[in-house]
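Just so you know, all these numbers are worked out from the coordinates, no wet-lab data involved. It should be emphasised that the depicted structure is a prediction, and the values quoted were computed from it without experimental measurement. Because the Cβ atoms are built from the backbone with ideal geometry, glycine has one as well, and the counts that use them run over all protein chains shown.
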Amino acid sequence: MFILLNFTFALDTLKLKSDYFKDFNLGKLNIEAKDILTLQPLKQFAGDYNYITQSTIDSIVNNAYLYEPSPISNNDTIFIETTKGTIKLQYFTDIAPKHCYNFKKLANSGFYDNTTFHRVIKDFMIQGGDILSRDSKRDNDGTGGPGWKIDQEFNSIQHDRGTLSMARGPSPNSAGSQFFICLKDAHWLDGNYTAFGRVIENIHVIDFIADTPTDYIVAKTQCHNTMPPNQKSEEWIELIDPKSRKKLFAKIPDNKNKNEYYSEMMKLLRSDNPSAPVTIKKIRVKDGN
């Protein structure tokens, strides 16, 4: 079974978001940092953005816990406003009432405001909803939640393109706040994840999000399929592409040692976190008539 959670990799310290990609040559993508990072995310990466502290996160979580939304209805409409556009979705409250209520509670309390889509897998799905995507640490993106879990409501809704579903851990009853939207049909998820909504307007926005370069894509620009001729092997590292399982070779920057650079590159190759953050400005569930 494919578990829709980010995997994290142990490091001695968590790297700040402002430190990422500063040593990379983005010319292979025909882009510069200023081009892939929109103004607001660029300020985040440059350190001008005021990341929220743990105490602020705790306050947001507590507010969400105490917040009581209006009763859910199949006529409710979800609006996900992002830096790539606004997505409109419908609810399946009669099929997954606990998940719909929890999502409305989190959305309308402001829990999702200014979080990011921290996981983007082209031709599969985009994933967001982690409050930890708002702090200054990057390596913990995808590990957070609201502090409570929801029991599964697996149902007959198919995971077609545009389906809104809840991410979870190995336990069926481990969904919290993280959600995903399918970019293409993913029927192997049917009956194993709780689908509770579907995009009904502006589905092209999810494709805009999917086109965002990820850590994996940016890291691949630093790699070769074979080591170029007349190179000193001690100045290069050999890697394994975690997606294709093929060998890759990358030259070690002058300011890095071999083991350090190998660890950094493998961590990036395993990451589907967008290098140019896609921010969820807010999510609101509007009451139906």
Counting other beta carbons within 10 Å of each Cβ, put Tyr261, Tyr112 in order, fewest first.
-> Tyr261, Tyr112
Within the stretch 68-91, which residues have the backbone N less than 19 Å from the label spot 7 Å out from Asn173 along Cα→beta-carbon, could you tell me?
-> none
Evaluate the relative contact order of the stretch 215-269 (contact order divided by residue number), counting alpha-carbon pairs under 8 angstrom at least 6 apart; express in whole percent.
-> 41
Once Lys and Arg are counted +1 and Asp and Glu -1 for all other residues with Cβ under 10 Å from that of Lys243, the total becomes +2
Taking amide hydrogens as modeled 1.01 Å from N in the peptide plane, which residues meet the under 5 Å criterion relative to Arg119, leaving out close sequence neighbours?
-> Gln127
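Please compute the net charge surrounding Ser177, taking Lys and Arg as +1 and Asp and Glu as -1 over other residues with Cβ under 14 Å from its Cβ. Write out the running numbers ahead of the final one.
Values: positive: Lys98, Lys104, Lys105, Arg119, Arg134, Lys149, Arg168; negative: Asp113, Asp130, Asp141.
Net charge in that neighbourhood comes out at +4.
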Within 10 Å of each residue's Cβ, count the other Cβ atoms and sort Phe179, Phe249, Phe92 from fewest upward.
-> Phe249, Phe92, Phe179
Pull out a ≥ b ≥ c, the square roots of the eigenvalues of the alpha-carbon gyration tensor of the stretch 215-269, then state rounded if a/c is under 1.5, prolate if not and a/b is larger than b/c, and oblate in the remaining case.
-> oblate
Diffing the stretch 240-245: the Karplus 3J(HN,Hα) column from phi (6.51, -1.76, 1.60, θ = phi - 60°), in whole Hz with x for Gly and Pro, holds 10, 5, x, 8, 9, 6
Just list whichever of Lys122/Lys232; Lys84/Lys286; Lys98/Lys282; Lys84/Lys251; Lys88/Lys149; Lys88/Lys246 have alpha carbons separated by over 31 Å in the model shown.
-> Lys122/Lys232; Lys84/Lys251; Lys88/Lys246
Per-pair calculated FRET efficiency, R0 = 22 Å: Asp160 and Ile121 via Cβ, rounded to 0.05 = 0.85
Paramagnetic reach from Asp287 (point 7 Å along Cα→Cβ, amide N under 14 Å) across the stretch 60-76 | 68-76
Classified through the alpha carbon gyration tensor (a ≥ b ≥ c as square roots of its eigenvalues; rounded if a/c is under 1.5, else prolate when a/b is larger than b/c, else oblate), the stretch 81-234 comes out prolate
Give a residue-ordered list of calculated ³J(HN,Hα) values for the stretch 185-196 (Karplus: 6.51 cos²θ - 1.76 cosθ + 1.60, θ = phi - 60°; whole Hz; x for Gly, Pro).
-> 4, 9, 5, 5, 8, 4, x, 10, 9, 8, 7, 9
Please order Asp151, Asp130 by the number of other Cβ within 10 Å, starting at the fewest.
-> Asp151, Asp130
